[in-house]
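What follows is a single structure, written as structure tokens, with notes after it.
The values are calculated or read from the model by the stated rules, or taken from the named source; none is laboratory data. Fair warning: this is a prediction, and the values are worked out from it, not measured in the lab. Virtual Cβ from ideal backbone geometry, glycine too; neighbours counted across all protein chains shown. All accessible areas refer to the heavy atoms of the entire protein, side chains included, with ligands and DNA or RNA removed. Shrake-Rupley method; radii C 1.70, N 1.55, O 1.52, S 1.80 Å.
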Amino acid sequence: MTARTLNLDDSLYQYLLDVSLRETPLLKRLRDETQALPMARWQIAPEQGQFLALLVKLTGARRLLEVGTFTGYSALCMASALPEDGSLICCDIPGDYNATARRYWQEAGLAGRIDLRLVPALETLAELERQGQGGQFDLIFIDADKANYPSYLEHALRLLRVGGLAVFDNTLWSGRVLEENSESADTRAIQALNRALKDDLRVDLSLLPIGDGLTLCRKR
Ligand code: CA
């Protein structure tokens, strides 16, 4: 027994899922359908989806924002955890997968809570700020183009209320965060975000090794 985070092998990871994952048949079907797509790796892990839903309930969040929606799995998880009057704005770009997301949200009876906006996320975020929605969001999940992560952080800090939560996915980036002098703009952006957050006194911080790394930033 050591006082460090476990390195999960396949059987221990399967055990974790066996004893704790409560994925609904609808979510499982969406995940299976997404697995067949060329961009299947964009899908979050199911235990991450369940964790996001728990975060929504723990924080009592009512106004959610998502940057990077894909086939809508994380949005479905979070929207299902919202109270009746809760809402979720999703940012993505036009793609065949938008229809998949909408179809599952409809089937779950949650389409009315979700507003999918199909323009580059930076435009939607800037528009929300122009509309005076700064400080109005409780939780923002960010899982989109990594090169813009540092910019998404700045928008998130303006759009979140004090005590609100920004959640970044892929902050361990399959271990590529360890690369020095990476030629990948995505890798460099995640490294820059991680380094900057360490000393960013605007947030309380935790990087969880769930999925590909999930960073929680609570706005102070
Ligand atoms: Ca991701």
statement: Treating only Lys and Arg (+1) and Asp and Glu (-1) as charged, each at its beta carbon, one finds that the range 134-208 has a dipole about its Cα centre, in Debye to the nearest 20, of 200 debye
task: Could you state how much accessible area Y152 has, in square angstrom rounded to the nearest 10, with a 1.4 Å probe and all protein chains kept in place?
output: 10 Å²
field: L58 accessible area, 1.4 Å probe, all protein chains in place, Å² to nearest 10
entry: 130 Å²
query: Within straight cross-link reach of K198, meaning Cα distance under 16 Å, which lysines are found once same-chain residues fewer than 8 apart are removed?
result: K219
Farthest positive-ward along the range 10-219 dipole, Cα basis, beta-carbon charges - from V67, L12, L82: L82
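Working with all protein chains in place, sort K28, K198, K219 by solvent-accessible area computed with a 1.4 Å probe, largest first. Each step should come with its number before you reach the end.
On the way: K28 85, K198 150, K219 40 Å².
Output order, biggest surface exposure first: K198, K28, K219.
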- prompt: When the solvent-accessible surface of protein heavy atoms is calculated with a 1.4 angstrom probe, in what order do F168, F51 fall, highest first?
  reply: F51, F168
query: Which residue, A79, A156, A99, has the most motion in a Gaussian network model of the chain that connects Cα atoms within less than 10 Å?
result: A99
query: Once you charge only the Cβ atoms, +1 for Lys and Arg and -1 for Asp and Glu, what is the size of the charge dipole of the range 10-219 about its Cα centre, to the nearest 20 debye?
result: 500 debye
- line: For the range 133-147, in residue order, the Karplus 3J(HN,Hα) values (coefficients 6.51, -1.76, 1.60; θ = phi - 60°; whole Hz; Gly and Pro = x) are 8, x, x, 9, 9, 8, 8, 10, 9, 10, 8, 10, 4, 5, 4
- request: Would you kindly find the accessible area of T2, with a 1.4 Å probe and non-protein molecules such as ligands, DNA and RNA excluded, rounding to the nearest 10 Å²?
  value: 100 Å²
- line: Cα-based Rg and Dmax for the chain, in Å, come out at 16.8, 52
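Dividing the Cα radius of gyration by the Kirkwood radius, what Rg/Rh value follows for the range 23-70? Walk me through the numbers before you get to the answer.
Details: Rg = 12.2 Å, Rh = 12.1 Å.
Radius of gyration relative to Kirkwood radius: 1.01.
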